[in-house]
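Only one structure is covered here, and it is reproduced in the block below.
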Amino acid sequence: MNRKWKPILILVLLLAIAGGVYASIKWNQRGIVTVQTSRAVRQDLTSIVTASGEIKPKNYITIGANAQGIITALLVKEGDHVKKGEVVARIESIQAKADVEAQKAALNSALSDSAAAEDGLKVMDDTVATARATLEKTKAQADISRLNWQRSKELYDSKLIAQQDYEAKKADYAQQQAAVREDEARLKQAIAQRAQAAAQLTSAQRHIAQMEATLDRYSDVLAKHEALAPLDGVVTDLPVRVGETVVQGVQNSAASTIMTIADMSLITAEVKVDETDIVNVQLNQIANVSIDAIPNRVFQGHVIEIGNTAILRSTGVAASQSATSSQEAKDFKVVIALDNPPEEIRPGLSCEGRITTATRQNVTTIPIQALTVRQKGDLETPPGGSKSVQAAAPVDPAAEKAKRVEVQGVFVINGDRAEFRKLETGITGATDIEVLSGLKPGDEIVTGSYKVIRTLRNGARIKVDNKAPVIAAGAA
């Protein structure tokens, strides 16, 4: 053989040997999955629910127009502090004032008539008293005349007086009887006139009551031409100007709204919490609120109200009042009271609330992305499957259903294989989740990539490479 071919043959031989070694290595590595791992650790864990919303005062009232007319005066401006009952705006009230003045005049006339009727009743009381006294006097005189007549009759029967004297006594008694009947008639007439005067007084008093009620009505109409502050607070919205016309209408209608007054003593962050998180939110839980307009500052607060009605995320309408599909995403209103709101805060500012729903001290935790779900049947099937040639057994529906039950757990590193282990979990933090059972601190688990965790089989051979970047959930 020529010497010049020896180097070529040696090189070919070396390449063949290298190729064989490489092929052997690849053959031995077939079916091996590259994974990233981490370990279960003990640490403090805090579960937080995050929701966005806006700043609102706990109590605010929109003042609407109670009368139609032109605004003649606005006594406050936006941002002013007002006291409850303070007049903040006036509406043109010429007709209402005229009605009140006319009714006051009518009431004064009715009062005069009542006073006159009362005086007339007093006069009739005196007349009745006089008539009674006169009647008593006349009756006394009639009794005297009767006694004189009876005495003269006895004397006349004894022939001691003349018939003329007897007749005179008899006539005097008859005259006194007639006087009694006349005075009785006068007394009855006086009593009837007194009753008539009393009826006139009652009518006058009822007329006064009617006039007073009408005056109250007109005064109430006039009072509605002045807008009063319903509470101590701050004017947060003033959409009208002097000279504009307002009308009575539906509350919060643009044509009837004068201003909004808010009680700024209690400022809240009203946020919308996702339906999957609302079950963890409870009253008095601590929350941190960040406001977009006040960066780099966090304000502490606590939950004071939790809504019971789901709100559709797309429309903001209560789910019970909408015909939209029930599958649409929903939120629940949660109100957070700020403990120390800043002076520069304003209603309507966008904010984000972070509600602390649970805290655990020194618990076993793992990264959230390590947690996965497998069907029970997949975990029972041996890797590579069964190649039995026996006839297939009858299918048991109950057993098939049991195999489809989902099991939550993680893949634990056992030598060069990944074994699925069922877990019971507790609260969820920002990046970690609490492990109640199934792992102990220091256990090595598969944490990536997301695609590997999603497709990894129980008992698969693995190779740990923690230098490779972990693909975040949702990126696959």
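Scan the range 433-459 for residues that are of a type outside the set (K, R) and more than 14 Å from V373 (Cα to Cα) and the total you get is 15. Here the strands (runs of 3 or more DSSP E) wholly within the range 398-465 that include at least 1 residues being touching a strand residue (DSSP E or B) at 6+ places or on another chain (Cβ under 6 Å) and under 15 Å from R39 (Cβ atoms) are 406-414, 417-422, 432-437, 444-448, 460-464. Report, ordered by the first and then the second residue, all pairs with beta carbons closer than 8 Å, sequence separation of six or more or different chains, a first member in the range 252-276 that is closer than 14 Å to I355 by Cβ, and a second member that is modelled with pLDDT under 90 and outside any strand (DSSP E or B). Between residues of the range 252-276 that are closer than 14 Å to I355 by Cβ and residues that are modelled with pLDDT under 90 and outside any strand (DSSP E or B), the close pairs are K272/R313; D274/A329.
Residue-by-condition table, conditions (1) modelled with pLDDT of 90 or more; (2) polar (S, T, N, Q); (3) within 46 Å of the chain's Cα centre (by Cα):
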{"residue": "T365", "(1), (2), (3)": "yes, yes, yes"}
{"residue": "Q390", "(1), (2), (3)": "no, yes, no"}
{"residue": "V412", "(1), (2), (3)": "yes, no, no"}
{"residue": "I471", "(1), (2), (3)": "no, no, yes"}
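Each residue in the range 81-112 was checked for being assigned to a strand (DSSP E or B) and in contact with a Lys or Arg (Cβ under 9 Å, 6 or more places away or on another chain), and 1 pass.
Taking the numbered list (1) more than 19 Å from D263 (Cβ to Cβ); (2) in contact (Cβ under 8 Å) with a residue 40 or more places away in the chain in turn, L312 passes all entries but (2).
In the range 247-258, the qualifying residues are those that are surrounded by 15 or more Cβ atoms within 10 Å (Cβ to Cβ) and in a loop (DSSP other than H, G, I, E, B), and the one that is modelled with the lowest pLDDT is A255. When A310 is tested against (1) surrounded by fewer than 19 Cβ atoms within 10 Å (Cβ to Cβ); (2) among the aliphatic types (A, V, I, L, M); (3) touching a Ser or Thr at 6+ places or on another chain (Cβ under 8 Å), only condition (1) is not met. Does Q193 count as modelled with pLDDT of 85 or more, farther than 30 Å from G120 by Cα and touching a helix residue (DSSP H, G or I) at 6+ places or on another chain (Cβ under 7 Å)? No: the conditions fail for Q193. Residues that are exposed (fewer than 12 other Cβ atoms within 10 Å of the Cβ), within 47 Å of the chain's Cα centre (by Cα) and modelled with pLDDT of 90 or more occur at least once in the range 40-51.
Look at (1) modelled with pLDDT of 90 or more; (2) in contact with a helix residue (DSSP H, G or I) (Cβ under 9 Å, 6 or more places away or on another chain) and you find that E244 fails only one, number (2).
Filter the range 149-159 down to the residues that are surrounded by 12 or more Cβ atoms within 10 Å (Cβ to Cβ) and among the hydroxyl-bearing types (S, T, Y), then identify the one that is modelled with the lowest pLDDT. Ranking the qualifying residues of the range 149-159, first place goes to Y156. Among all residues of the range 160-177, there is at least one that is buried (at least 16 other Cβ atoms within 10 Å of the Cβ) and not in a helix (DSSP H, G or I).
Listed here are the residues, each with its yes/no results for (1) surrounded by 13 or more Cβ atoms within 10 Å (Cβ to Cβ); (2) assigned to a helix (DSSP H, G or I); (3) within 25 Å of the chain's Cα centre (by Cα).
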| residue | (1), (2), (3) |
| --- | --- |
| A190 | yes, yes, no |
| A198 | yes, yes, no |
| A262 | yes, no, yes |
| S265 | yes, no, yes |
| V273 | yes, no, yes |
| N284 | no, no, yes |
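The values are calculated or read from the model by the stated rules, or taken from the named source; none is laboratory data. Worth saying up front: this structure is predicted, and the values here are computed from it rather than measured. Positions of Cβ are generated from backbone atoms using ideal geometry, with glycine treated the same way; all protein chains shown enter the neighbour counts.
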